[in-house]
1. Quick check on region 9-19. Is at least one of its residues more than 18 Å from the chain's Cα centre (by Cα) and among the basic types (K, R)?
2. When only residues in region 50-76 that are open to solvent by 100 Å² or more (accessible area, probe 1.4 Å) and part of a loop (DSSP other than H, G, I, E, B) count, which is nearest to A16 (Cα to Cα)?
3. I40: open to solvent by less than 90 Å² (accessible area, probe 1.4 Å), in contact (Cβ under 8 Å) with a residue 12 or more places away in the chain and closer than 21 Å to I64 by Cα, yes or no?
4. Taking region 18-49 on its own, how many of its residues are modelled with pLDDT under 85, assigned to a loop (DSSP other than H, G, I, E, B) and charged (D, E, K, R)?
Amino acid sequence: KFITNFLGQIKVSHVARFELFNNEVNFLSKTLKYDFDVQIVNASKHDHYRSYYTDAAKEKVRKIYKRDISLFDYDF
């Protein structure tokens, strides 16, 4: 509800997505004409995040974040 109007339409020109952080830094660099020397590298060894959720936990996340999942075309 922070980035949408009362009709549910996004009211900002760009929403940066953390899962695409490195691409977002490039976008911001070009848009702002400033060279951000930042990059995220995940060096930890772990399974895919979905493997840590039970079916009940997945359903709870779906229920709580239904609007975000729909608005940003996520698939959980």
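1. Looking through region 9-19, none of the residues is more than 18 Å from the chain's Cα centre (by Cα) and among the basic types (K, R).
2. The extreme case among them is D73.
3. Judged against the criteria, I40 is not a match.
4. 1
Residues checked against (1) in contact with a strand residue (DSSP E or B) (Cβ under 6 Å, 6 or more places away or on another chain); (2) under 22 Å from I64 (Cβ atoms); (3) loosely packed, with under 10 Cβ neighbours inside 10 Å:
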site	(1), (2), (3)
F2	no, yes, yes
I10	yes, yes, no
S13	no, no, yes
R17	no, yes, no
F21	no, no, no
E24	no, no, no
T31	no, no, no
F36	no, no, no
H48	no, yes, yes
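The values are calculated or read from the model by the stated rules, or taken from the named source; none is laboratory data. Predicted model, so just to flag it, every value in this text is computed and none were measured. Every residue, glycine as well, gets a Cβ built from its backbone with ideal geometry; the counts of neighbours run over all protein chains shown. The accessibility values were calculated without ligands, DNA or RNA, using every heavy atom of the protein model including side chains. Shrake-Rupley method; radii C 1.70, N 1.55, O 1.52, S 1.80 Å.
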